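Here the structure is laid out as structure tokens; the discussion comes afterwards.
The values are calculated or read from the model by the stated rules, or taken from the named source; none is laboratory data. Note that the structure is a prediction, hence the values are computed from the model and not measured. Note that each Cβ is placed from the backbone with ideal geometry, even for glycine, and that neighbours are counted across all protein chains shown.
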Amino acid sequence: MTETIIQVRNFRKAYGTFVAVDGISFEVERGEIFGLLGPNGAGKTSTLESLEGLRRPDGGTLRISGIDPSRQARQLRALIGVQLQTSGLPDTFRVDEAMRFFCAYHGVAPRDDLLDRVGLDDKRAAQYHELSGGQQRRLALALAVAHKPPVVFLDEPTAGLDVASRVMLHDLMRELQAGGTTILLATHDMAEASEMATRVAILLRGKIAAIGTPMELTATGAGLTKISVHTEGDCLANPGASFPAVRQAQRQEDYFIYFSTDIGPTISALIAYINTQGDPLVDLRVERPTLEDRFLEITTKGAAR
């Protein structure tokens with residue numbers, strides 16, 4: 001059975017006359033990586049900061065394991081870990097000092113094992129300002145999870161990281177998820193959200209424009225599926241070759257590229273035609289619309305209103 005860990009119901013947040021979040025609702029289950037996506041100004045930060053207890057909602061209710069973030073701060077701090085985009089650590093703080101400080105705050109033993117896990121074992125004596133941007137991000141994540149919180153908030157955790165650091169952090173996120181940790185991930189990286197998130201919500205102008213698994217969201221858009229075909233005898237060059245549900249067609253070197261609204265009839269007709277021509281099939285590739293395609297479709301339509 002699933003267990004709801006985060007509840008957001010009719011949440012509203014305003015700054016003067018500007019409504020940043022306008023009555024949104026969603027739930028996150030235990031062990032999910034839930035992606036929160038949206039352009040700048042969509043309401044992601046206001047939602048995160050309110051769930052983290054940093055801001056009070058102006059309407060609706062927020063709960064984390066039954067705790068009200070704005071009224072039960074002491075109980076909340078044991079439940080959540082937070083990695084922000086920018087850290088407020090003093091420049092002269094040593095890495096091992098930062099770990100001891102955060103662990104003491106939460107009443108747990110220092111987690112030197114986490115420094116090893118995020119590749120900072122040889123940087124224990126380094127001051128914060130001596131770390132690269134990627135190393136600072138890795139330290140921030142280690143500090144966020146040092147007290148083993150059941151819920152972790154990650155705000156652009158891999159922005160600006162090199163490939164190796166990105167892979168390391170994604171592996172750690174998967175380990176946390178496998179152990180039952182719930183992760184709320186705010187990111188502008190559509191590939192990261194598609195790869196890591198169990199479900200995503202796309203915010204636009206303070207409202208949820210779409211919510212579901214990455215597969216569900218890409219399946220419901222108007223995006224066209226790309227079908228690339230290469231045959232030995234080039235039979236698709238025949239001007240009379242046409243196929244159902246194809247909106248666009250073009251040639252790129254040895255491949256014929258078809259953009260289809262319904263891949264079933266298109267692929268069936270393509271294969272039948274190639275077989276009747278006696279032309280050996282060399283390669284056939286199907287590329288679904290990406291989460292980025294769907295995101296751009298939603299945000300572009302929203303901006304036009």
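Scanning the range 202-233 for residues that are β-branched (Val, Ile, Thr) and not in a strand (DSSP E or B), which turns out modelled with the highest pLDDT?
Filtering the range 202-233 for residues that are β-branched (Val, Ile, Thr) and not in a strand (DSSP E or B), the one modelled with the highest pLDDT comes out as THR213.
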Residues of the range 248-266 being closer than 14 Å to THR231 by Cα and hydrophobic (A, V, I, L, M, F, W, C), in sequence order, are PHE256, ILE257
Here the qualifying pairs (Cβ atoms under 8 Å; residues six or more apart or on different chains; first in the range 45-65 and in the same structural domain as PHE18 (by TED's automatic domain parsing); second polar (S, T, N, Q) and part of a helix (DSSP H, G or I)) come out as ARG55/SER46; ARG56/SER50; PRO57/SER50; LEU62/SER50
Note to self: Criterion first (surrounded by 18 or more Cβ atoms within 10 Å (Cβ to Cβ) and at pLDDT 95 or above) does ARG199 satisfy it?
What the structure shows: yes
Residue hits (the range 234-244; in contact (Cβ under 8 Å) with a residue 40 or more places away in the chain and in a loop (DSSP other than H, G, I, E, B)) are ASP234
Picked from the range 249-274 (must be within 19 Å of ALA219 (Cα to Cα) and not in a helix (DSSP H, G or I)), the residue farthest from the chain's Cα centre (by Cα) is TYR258
Output for Cβ contacts, cut-off 7 Å, separation at least six or different chains, first residue without any contact (Cβ under 8 Å) to a residue 40 or more places away in the chain in the range 245-256, second of a type in the set (D, E, K, R), reads ALA245/ASP262
Of (1) at pLDDT below 90; (2) touching a helix residue (DSSP H, G or I) at 6+ places or on another chain (Cβ under 6 Å); (3) in a strand (DSSP E or B); (4) among the hydrophobic types (A, V, I, L, M, F, W, C), PHE295 satisfies every one except (3)
Scanning the range 275-292 residue by residue, those part of a helix (DSSP H, G or I) and within 29 Å of MET196 (Cβ to Cβ) turn out to be LEU291, GLU292
Requiring at least 1 residues that are over 20 Å from the mean Cα position of the chain (by Cα), the helices (runs of 4 or more DSSP H) wholly within the range 104-201 are 112-117, 133-145
Here the residues within the range 6-26 that are more than 22 Å from HIS188 (Cα to Cα), touching a residue at least 60 places away in the same chain (Cβ under 8 Å) and within 19 Å of the chain's Cα centre (by Cα) are none
If you go through GLU29, GLU3, the only one that is over 11 Å from LYS207 (Cα atoms) and under 17 Å from the mean Cα position of the chain (by Cα) is GLU29
